[in-house]
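First the structure, in the form of structure tokens, and then the observations on it.
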Amino acid sequence: MKREGSLFLSFIVILAVCGAGVEATGLLPPESTPLIRHYYKVHNTCANVEPFVRHQVKSLYDKDKTIAPKLIKLLYADCMVNGCDASILLDGDNTEKKSPKNRGLAAFAVIDIAKKVIEARCPGVVSCADILNIAVRDAVYFSGGPSYPVFLGRRDGRKSDAAWVDLPSPSISWESALKYFTDKGLNLQDMVTLLGGHMMGRTRCSNILDRLYDFNKTGKPDPTMEPTTLSILQKQCPKKVKLGQPNPLINLNPDNPTHKFTNSYYSRVLASKSVLGVDQQLLYGTDTHDLTDEYANGLEDFKGGFAYSMSRMGGLKVLTGKNGEIRKNCHVVNK
């Protein structure tokens with residue numbers, strides 16, 4: 001599957017033609033068209049919201065490079081479940097963040113700090129959902145990725161339910177993964193590109209034990225995994241841990257221990273060195289293989305694709321207008 005031209009260049013050209021106040025029709029899923037560039041500047045409510053967020057993210061990123069993958073994962077967990085409404089940030093006994101599938105989510109404090117700063121300067125007008133999307137873009141940029149335009153105007157959801165969380169297994173097939181993405185309103189290119197978020201960050205050994213020791217319930221490792229990679233991962237992830245021993249954390253991309261923006265994830269897929277099963281599956285679909293090859297051989301192509309697909313994901317099932325609310329505290333709904 002060969003894309004026509006550079007997605008990133010097309011993305012920027014369309015923005016230049018549209019201008020700040022024009023809806024992002026065509027770039028994002030249909031339900032997101034009320035989102036616009038510089039929403040808070042256009043409405044004269046908080047013109048400097050993006051610099052405010054960027055400053056806080058930069059300060060935190062300089063101390064902890066892991067906030068980039070943590071924020072990407074947090075945004076994914078929000079948008080891919082009930083839309084980009086910041087419902088993942090809500091506290092409660094049965095909220096999305098309490099789902100076992102969301103165990104290990106982090107970087108909530110990044111959003112809290114940015115929200116506190118913005119509320120002090122622009123009280124009651126900037127949503128937690130918009131702050132989350134801006135913060136992710138900035139963390140991606142500071143890690144070496146693209147600084148892409150973020151369409152704004154989201155409002156925050158008032159509900160969050162652990163039962164909504166339908167994030168797929170890390171061992172899912174590419175066909176099932178594609179259905180999951182298309183059911184959400186995204187496409188194959190988005191799937192391959194967004195899985196590239198696994199270029200950085202860490203995962204628990206429990207997510208790959210089946211590949212290492214009992215692939216498809218055969219009692220044997222995944223035969224497609226490159227032998228040296230298999231040996232290294234088996235040493236990092238024992239079949240059983242001792243009583244009281246924590247579930248080990250390992251790098252999703254062993255070639256990228258410093259969590260930088262890189263296309264080496266795709267090179268590892270092509271070399272059968274993927275850590276997660278769903279990542280290795282990209283090798284087995286014709287279109288997914290071709291796009292993986294394109295990204296492995298072109299960092300700029302991947303940057304452009306990542307900017308485009310992150311913007312599309314950020315537009316899923318957004319709340320705008322009089323729907324939802326602008327939370328004063330990202331962890332609780334307004335009284």
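For a straight C-alpha distance cut-off of 15 angstrom, the aspartates and glutamates reachable from residue 317 (same-chain residues fewer than eight places away being disregarded) are 31, 78, 85, 130, 156, 183, 325. Note on segment 117-254: with charges restricted to the Cβ of Lys and Arg (+1) and Asp and Glu (-1), its dipole about the Cα centre is near 460 debye.
Accessible area per residue for the chain is 45 Å², calculated with a 1.4 Å probe on protein heavy atoms, without ligands, DNA or RNA. Axis angle, to the nearest 10 degrees, between helix 108-121 and the longest C-alpha principal axis of the chain: 10 degrees.
Of the cross-linked pairs 115/235; 98/217; 58/239; 260/335; 63/240; 101/260, those separated by over 31 Å at the C-alpha level are 115/235; 58/239; 260/335; 63/240.
Between 134, 232, 111, the residue with the greatest mean-square fluctuation in the GNM of the chain (Cα pairs under 10 Å linked by springs) is 232. Relative to the dominant Cα principal axis of the chain, helix 67-82 is inclined by about 80°. What a 1.4 Å probe finds exposed on the chain is 54% carbon and sulfur by accessible area, rounded to a whole percent. Length gained on full extension, residue 271 to residue 297, computed as 0.36 nm times the residue gap minus the Cα-Cα distance: 8.1 nm. Rounded to the nearest 20 debye, the dipole size of the chain about its Cα centre is 1100 debye, using +1 on the Cβ of Lys and Arg and -1 on the Cβ of Asp and Glu. Could you state the angle between the C-alpha long axis of helix 49-61 and the longest principal axis of the C-alpha atoms of the chain, as a value from 0 to 90 degrees rounded to the nearest 10? On a 0 to 90 degree scale, this one is about 30. Which residues does a label at residue 55 reach in segment 108-125, if reach means a backbone N under 14 Å from a point 7 Å past the Cα toward the Cβ? 114-122, by backbone N distance to the label point. Taking the chain as a Gaussian network of alpha-carbon nodes connected by springs under 10 Å, the highest mean-square fluctuation of the residues 70, 98, 322 belongs to 322. Extending 7 Å from the Cα toward the beta-carbon at both residue 161 and residue 322 defines two label points whose distance is 2.4 nm.
Normalised by the number of residues in the chain, the mean separation of alpha-carbon contacts (under 8 Å, six or more apart) gives a relative contact order of 28 percent.
Go ahead and set up a Gaussian network model of the chain, Cα springs under 10 Å, then flag whichever of 301, 130, 93 fluctuates most. Checking each option, the largest mean-square fluctuation is seen for 93.
The values are calculated or read from the model by the stated rules, or taken from the named source; none is laboratory data. In this text, all values refer to a predicted model and were calculated from it rather than measured experimentally. Positions of Cβ are generated from backbone atoms using ideal geometry, with glycine treated the same way; all protein chains shown enter the neighbour counts. Surface accessibility is based on the protein's heavy atoms, side chains included, excluding ligands, DNA and RNA. Shrake-Rupley method; radii C 1.70, N 1.55, O 1.52, S 1.80 Å.
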